[in-house]
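One structure below.
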Amino acid sequence: MTPTLADVAAWRAEHGVERARLIESYRQTRRAPALLRGLTRAADRLLRRVWAAQSLPAGASLVAVGGYGRGEMFPQSDIDLLILLEDRLPEVEHARFEPLVGLLWDLGLHVGHSVRTLAACLEEAANDITIRTNMLDARLLAGSRGLYRQFRQGFDATLDPLAFLDAKRLEQQHRHGRFADRALLLEPNLKESPGGLRDIQTVVWVFRAAGQPARFADLVALEMLRPEEARRLNRHLGLLERLRIQLHLTANRREDRLLFEFQERLAAEMGFKAHGPRRASELLMQQYYLAARELSLANEYLIGCLRLRLRPPLPVEPVAEAPGFRRHGNMLDIDDENQFERHPEAIFEAVLLLQRQHDLHGLTPRALRALWRAGHAIDSAFRRDPVQAARFLAILREPRGVTLAFRLLHRLGILGRYIPLFGRITGQMQHDGYHIYPVDEHTLMVLRNLRRLTVPDFAHEYPLQHRVMTAYERQDLLLLAALFHDIAKGRGGDHSSLGAVDARRFCRRLGLDRPDSEMVAWLVAQHLILSQTAQKQDLSDPDILADFAARCGDTRHLTALYLLTVADIRGTSPKVWNAWKDKLTRELYLASRRILEGDQSQPDNLEERKEAARAQLRLYGFSPGAEERFWQRLDDIYFLRQDARDIAWQTRRLLPVLGRETRIVRARLAPVGEGVEVLVFAPDEEALFARICAFFARLGYSILAARVNTTRDGHALDTFYALDTEHPQVAYRDFLNYIEHELTAELARHEPLGPLPSGRIPRQVKAFPLEPEVNLLASENGKDYVLSITAGDRPGLLANLARVFNKHGANLLTARINTLGSRAEDVFVIEGESLQQNAVRLGLEQDLLDVLKVQ
């Protein structure tokens, strides 16, 4: 009998009441397994009632598969169903199941279903690893038991445990590859990221396929885990399950990403509270990262153990001159699984063997577990042992495998035990707008970037840095500075100064002499100054260059700081480092090196720069002296801020139309990196800078840098470097013509500044808004002011700042635009008679703060 509308409404209401009761019970008890089982049973009861109410053929079964088949129904999970049909069931009978699926959706169930005959089902399972995995969790709900038994017997008979395991390992590697850039980011996926729920489900699947129990408690009996390890892994798994449950409830949709907008609410729901300078969400996320790291390690170890049991034994032979170690195929093994606990001194020895024995590709599961367990053996005596200090330095100084060695030590928790302060930053979030990794992962990324500069195969990426790095005699000091440069993050205070103290103490513990220890401490203390100087100061000012060079003291310190700075910026986010930052840091490094080397032979003075520009103009057919008609309008500051190639390009683009056109706009593809360079020559009118910024804002372009100059006869000569951040590779030549035509027309209209389009504010800026900072100081010359702003970046920000300048009569002299991910750190030099009044300056600062706040 077909259910009536009243039946459907009643069933839907009953199911809703049952789900609400289960969720309320969970909120009281926080017992994730009880909720997952309860939601599964509630769905079972409803589906059996619906199946029984249908007039369906006898030769059919309703089978739960996937997560629903496992009994793991999260609040927003899909209900995965297989409608299994006998092979002899006539095709016409198949249509009788279509109303069933429609009815399930009418009941408010999110159903994922397939309708298959037994033969088709077994064939697809044999050929598709995803389908085979889905059916491994099959569970009969209703219908023909005999048909289900046939399916189960046929499925189990064709299941090859070793082939299934290898297929799942390969699938997992591909999944980790897809989520690798997100796994350690600030918004991990609870299900798919390494160490997520899918990794544990993979362990369950491969053990079940091999006919082995798969719960952590069961693996104790198989001597794969100790009881305390099983309990710890269950706690970690429970954290991920509770997080996913709460995320589904908070988002009210199927959402497995720990998005910024949910993190604070999840932390409050789960009882985390802010502590000192750290948000509650940061403490929650740190617990997540620690749990995911151990679960990922357990996945690797347990699957490795099972694979060794399923495959034929490999040859074993001792490792020469390394008692207690042996080769198991191409893997490093140990004679005694308790070796590292009994002899902790062998911990670093194992890592050195992996670095030095090039044919060893990793650790056997037994050796991996032994190192995992040995962390507690690293105590204060171990840390003070000069032999272990020498081995730690040896790992750092090895010509190969340094990055992999430190990632292994970190995964196993050994690095955090040997350097306890490093353990404190493990999983430490960074909501500064540009770091996309937790502090520990950013630190290891900086280490990796430094090591990559030494590899000849990657020399083409950064040729100058590669030459400088390979010539640097103490790369180990650079790597130590990388390990400690952010080690004081999250404590409050100046992390550079605090980290320098920590670095100095650790270097002395390692037995480094005083000069080397001071070198590392200096690098940690000063690791931000090269970046700040290059991106915020006027590098055409000889005093600024001289001050920076004096702060470095010698080329050895300067070179080390330059290399660390490049590696550090590149380690924040793939989007932060760009050709413009490369150019600025390189120019500062080379100019400072010339000063420290006392080399006056470089083409650094004004006349030589002009002569180099003239030489380039001759190549384009300009007669001698033709440039003077334009150059006589320019002051020395212009020539000091441009290199010869830029001077030549601007001159040859402006000279042919100078005097014939009032407003001139010329554009080209940026000489370095992505984006466009736009030159504007126009009368220096009110709100000119604001109009130009508004034009780029409407295009959706982000201004990376701006050079503002004023000619002797009152014209603005401004250069902008802009980038479409959503499509950085798109900068077609036809689009350059569009910019030239449309911006010229925009400047000629003299219309009032219209409203800017409301762009998308980055989610991180919304969820964790940066407290805006505005600092307005009088320059030493007493005529102008230096304005520094820090805030969350967003579309049209610079255009809005320019409007505020215009409102308060502030004329822009120079602009240093510095965008770091979703963080803006800009420096402007402004002037104006009205700024001499204190009330005007206060009003300017207040209006800027209002603009910078995220609404």
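The table below gives the values:
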{"item": "Residues satisfying the stated conditions in the range 187-199, i.e. in a loop (DSSP other than H, G, I, E, B), of a type in the set (D, E, K, R) and either at pLDDT below 80 or open to solvent by 30 Å² or more (accessible area, probe 1.4 Å) (or both)", "result": "Glu187, Glu192"}
{"item": "Lone unmet requirement of (1) in a loop (DSSP other than H, G, I, E, B); (2) of a type in the set (Asp, Glu); (3) in contact with an Asp or Glu (Cβ under 9 Å, 6 or more places away or on another chain) for Glu677", "result": "(1)"}
{"item": "Residue among Asp643, Asp635 that is at pLDDT below 90, closer than 22 Å to Ala705 by Cα and exposed (fewer than 15 other Cβ atoms within 10 Å of the Cβ)", "result": "Asp635"}
{"item": "Residue count for the range 79-123, restricted to those that are open to solvent by less than 60 Å² (accessible area, probe 1.4 Å) and not in a strand (DSSP E or B)", "result": "19"}
{"item": "Single residue of the range 771-789 satisfying the filter (farther than 21 Å from Arg707 by Cβ and without any contact (Cβ under 8 Å) to a residue 40 or more places away in the chain) that is least open to solvent (accessible area, probe 1.4 Å)", "result": "Gly782"}
{"item": "The range 697-731 - residue that is surrounded by 19 or more Cβ atoms within 10 Å (Cβ to Cβ) and not in a strand (DSSP E or B) and, of those, modelled with the lowest pLDDT", "result": "Ala731"}
{"item": "Unmet criterion (only one of (1) over 14 Å from Ser702 (Cα atoms); (2) crowded, with 21+ Cβ neighbours inside 10 Å) for Asn838", "result": "(2)"}
{"item": "The range 736-755 residues that are touching a residue at least 40 places away in the same chain (Cβ under 8 Å), paired with ones that are small (Gly, Ala, Ser) and assigned to a loop (DSSP other than H, G, I, E, B) (beta carbon under 7 Å, 6 or more apart)", "result": "Leu753/Ala687"}
{"item": "Residue check for Gly423: in contact with a helix residue (DSSP H, G or I) (Cβ under 7 Å, 6 or more places away or on another chain) and open to solvent by 20 Å² or more (accessible area, probe 1.4 Å)", "result": "yes"}
{"item": "Unique residue being modelled with pLDDT of 95 or more and buried (at least 17 other Cβ atoms within 10 Å of the Cβ) when the list is Leu332, Leu290, Leu295, Leu306", "result": "Leu295"}
{"item": "Residue in the range 135-145 that is farthest from Pro57 (Cα to Cα), counting only those that are touching a Ser or Thr at 6+ places or on another chain (Cβ under 9 Å) and open to solvent by 30 Å² or more (accessible area, probe 1.4 Å)", "result": "Leu140"}
{"item": "Qualifying residue in the range 346-363 (condition: free of Cβ contacts under 8 Å to residues at least 24 places away in the same chain and more than 35 Å from the chain's Cα centre (by Cα))", "result": "no"}
{"item": "Qualifying residue in the range 66-84 (condition: within 18 Å of His15 (Cβ to Cβ) and acidic (Asp, Glu))", "result": "yes"}
{"item": "Residue identified as open to solvent by 30 Å² or more (accessible area, probe 1.4 Å) and farther than 30 Å from Arg265 by Cα among Leu813, Leu798", "result": "Leu813"}
{"item": "Residue tally, condition aliphatic (A, V, I, L, M) and part of a loop (DSSP other than H, G, I, E, B), over the range 203-234", "result": "5"}
{"item": "Residue among Gly71, Gly66 that is at positive phi and open to solvent by less than 10 Å² (accessible area, probe 1.4 Å)", "result": "Gly66"}
{"item": "Cross-chain or 6+ apart pairs with Cβ under 9 Å, the range 370-386 first and outside any helix (DSSP H, G or I), then surrounded by fewer than 17 Cβ atoms within 10 Å (Cβ to Cβ)", "result": "Asp385/Glu345"}
{"item": "Residue within the range 414-437 that is basic (Lys, Arg) and part of a loop (DSSP other than H, G, I, E, B) present", "result": "no"}
{"item": "Scan of the range 349-390 for residues that are polar (S, T, N, Q), open to solvent by less than 20 Å² (accessible area, probe 1.4 Å) and farther than 16 Å from Met224 by Cβ, ordered by number", "result": "Gln355, Gln388"}
{"item": "Single residue of the range 263-287 satisfying the filter (outside any loop (DSSP other than H, G, I, E, B) and open to solvent by 50 Å² or more (accessible area, probe 1.4 Å)) that is modelled with the lowest pLDDT", "result": "His275"}
{"item": "Test: residue in the range 33-49 that is exposed (fewer than 15 other Cβ atoms within 10 Å of the Cβ) and more than 28 Å from Ala214 (Cα to Cα)", "result": "yes"}
{"item": "Elements of type helices (runs of 4 or more DSSP H) contained in the range 763-855, each with 2 or more residues being in contact with a Phe, Trp or Tyr (Cβ under 8 Å, 6 or more places away or on another chain), modelled with pLDDT of 85 or more and not basic (Lys, Arg)", "result": "797-807"}
{"item": "Any pair with Cβ under 8 angstrom, 6 or more apart, that starts in the range 86-101 at a residue that is touching a residue at least 24 places away in the same chain (Cβ under 8 Å) and ends at one that is of a type outside the set (Lys, Arg) and open to solvent by 90 Å² or more (accessible area, probe 1.4 Å)", "result": "Pro99/Thr2"}
{"item": "Every residue from the range 5-32 that is among the β-branched types (Val, Ile, Thr) and open to solvent by 40 Å² or more (accessible area, probe 1.4 Å)", "result": "Val17, Thr29"}
{"item": "Residue tally, condition in a loop (DSSP other than H, G, I, E, B) and under 18 Å from Gly375 (Cα atoms), over the range 389-413", "result": "2"}
{"item": "Residue selected from the range 449-485 under the condition of a type in the set (Phe, Trp, Tyr) and in a helix (DSSP H, G or I), by the criterion most open to solvent (accessible area, probe 1.4 Å)", "result": "Phe458"}
{"item": "Residue count for the range 633-667, restricted to those that are of a type in the set (Lys, Arg) and either in a loop (DSSP other than H, G, I, E, B) or out of contact with any strand residue (DSSP E or B) (no Cβ under 8 Å at 6 or more places or on another chain) (or both)", "result": "5"}
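Quick grid of which residues meet (1) acidic (Asp, Glu); (2) in a helix (DSSP H, G or I); (3) at pLDDT 90 or above; (4) under 23 Å from the mean Cα position of the chain (by Cα):
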{"position": "Asn134", "(1), (2), (3), (4)": "no, yes, yes, no"}
{"position": "Leu141", "(1), (2), (3), (4)": "no, no, yes, no"}
{"position": "Leu147", "(1), (2), (3), (4)": "no, yes, yes, no"}
{"position": "Gln150", "(1), (2), (3), (4)": "no, yes, yes, no"}
{"position": "Gly154", "(1), (2), (3), (4)": "no, yes, yes, no"}
{"position": "Ala167", "(1), (2), (3), (4)": "no, yes, yes, no"}
{"position": "His174", "(1), (2), (3), (4)": "no, yes, no, yes"}
{"position": "Phe179", "(1), (2), (3), (4)": "no, yes, no, yes"}
{"position": "Leu185", "(1), (2), (3), (4)": "no, no, no, yes"}
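The values are calculated or read from the model by the stated rules, or taken from the named source; none is laboratory data. Please read these numbers as outputs of a predicted model, since none were measured by experiment. Every residue, glycine among them, receives a Cβ derived from its backbone with ideal geometry; neighbour counts consider all protein chains shown. Side chains are part of the model used for accessible areas, which takes the heavy atoms of the whole protein and leaves out ligands, DNA and RNA. Shrake-Rupley method; radii C 1.70, N 1.55, O 1.52, S 1.80 Å.
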